[in-house]
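The values are calculated or read from the model by the stated rules, or taken from the named source; none is laboratory data. The model shown is predicted, which means the values in this text are computed figures rather than measured ones. Counting neighbours? That spans all protein chains shown, and the Cβs are built from the backbone with ideal geometry, glycine included.
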Ligand code: DWN
């Protein structure tokens, strides 16, 4: 495999086996034509970046049927309000603002009184249409050097570009950074949040790795990547979202906060910038897999019934890597109408609505949306069964 940024050869350090499209929820009649790829990960020591080898084309993942809407979590709506308040300091009254991968407009809605100067780019048609319905100016396309040519007035004139859980989805990071460079004003700021490599390693939350997540970033990797383009990571602020994320602040001037230097030092101590930490992670994934498979087998041998809660993208990695299917899990409940009535990618577990969950309660629940545990356990406090997950709840 080749590093997607430097194009130098790197060796995969781990394979998760055959994987389907993480959000490819499907009907029974489509089982036989389901798409699979070999999910391998490698690490480029030059830029300290964990990355997928093979993955489906973006158009196969993000299209008119994309089944994830940011507003499906109340907690995330609140998070985006506070994120919007954080970035206001980079804007003045006439500033232009772009969001990359703006989904249903949850973040940009917080700037609705400035809607002449804001634009979201969202490649999934159904999701973009929902944002447009919510009166958030949205261009239904991928964000790249070609598509930004259509917003001439933003070139070199954009004070703020934001993204959340999106940059790791973009295969051609070189083109992405060129696009950011073409748009940003002289004192412009690029702020983005992504699941953090350090948190993934600490929790062994390997389900953060799937087709859409081509990269898992650290402060060291982001700093090295942007420097190649004369752009500089000037701040990094840890976030609690998605089981541990990092907010990155990038500017043209290299004026690093003391926090960055501290985090980079900590990453060096933990060897997050070297392959050693990946090899330890690989070992921990194998232990975690054995532990969860054994746990489920014990529950089943005791005659317990199990359902899954939230048909997350992440659950596709867990279910397929651990080969957990309908013999173990009766169904997965979820709030998303695009998933309900279909089957989970690869392992084909039926997806049911929340009404079904209330009427068909099982003894145990596998919480696949462990990253939303406070919100979900609070909402479901009447359910007296046993909650578990592969990460500590
Ligand atoms: O990066 C990504 C993140 C931000 O969102 C994308 N690649 C896709 C998606 O990943 P995910 O599916 O793992 O995200 P979540 O937010 O962990 O889970 C969302 C799913 O969980 C939706 O199908 C809705 C469901 N859900 C639910 O059924 N009840 C979520 C909550 C909070 C609930 O209460």
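Observations, loosely collected:
- So residue 392, is it modelled with pLDDT under 95 and within 20 Å of the chain's Cα centre (by Cα): yes
- Matching option when the condition is within 16 Å of residue 389 (Cα to Cα) and near the ligand (Cβ under 10 Å from one of its atoms), among 305, 313: 313
- Those helices (runs of 4 or more DSSP H) lying entirely in region 112-220 with at least 2 residues more than 21 Å from the chain's Cα centre (by Cα) and within 27 Å of residue 22 (Cα to Cα): 125-133
- With respect to the conditions (1) buried (at least 24 other Cβ atoms within 10 Å of the Cβ); (2) over 22 Å from residue 104 (Cβ atoms); (3) without any contact (Cβ under 8 Å) to a residue 60 or more places away in the chain, residue 143 lacks only one, and its number is (2).
- Complete set of residues in region 96-129 that are touching a helix residue (DSSP H, G or I) at 6+ places or on another chain (Cβ under 9 Å) and surrounded by fewer than 18 Cβ atoms within 10 Å (Cβ to Cβ): 115
- Sole exception among (1) touching a strand residue (DSSP E or B) at 6+ places or on another chain (Cβ under 8 Å); (2) without any contact (Cβ under 8 Å) to a residue 40 or more places away in the chain; (3) more than 17 Å from residue 225 (Cβ to Cβ) for residue 285, by number: (2)
- In the set (1) modelled with pLDDT of 95 or more; (2) touching a strand residue (DSSP E or B) at 6+ places or on another chain (Cβ under 9 Å), residue 92 fails one condition alone, (1).
- Taken as a whole, the condition of being in contact (Cβ under 8 Å) with a residue 40 or more places away in the chain and outside any loop (DSSP other than H, G, I, E, B) applies to residue 79.
- The residues in region 354-380 that are in a loop (DSSP other than H, G, I, E, B) and more than 13 Å from the ligand (Cβ to nearest atom) can be counted, and the count is 4.
- Residue 319 being touching a strand residue (DSSP E or B) at 6+ places or on another chain (Cβ under 9 Å) and more than 15 Å from the ligand (Cβ to nearest atom): no
- Screening 74, 57, 96, 89 for residues that are within 16 Å of the ligand (Cβ to nearest atom) and under 27 Å from residue 173 (Cβ atoms) leaves exactly one candidate, 57.
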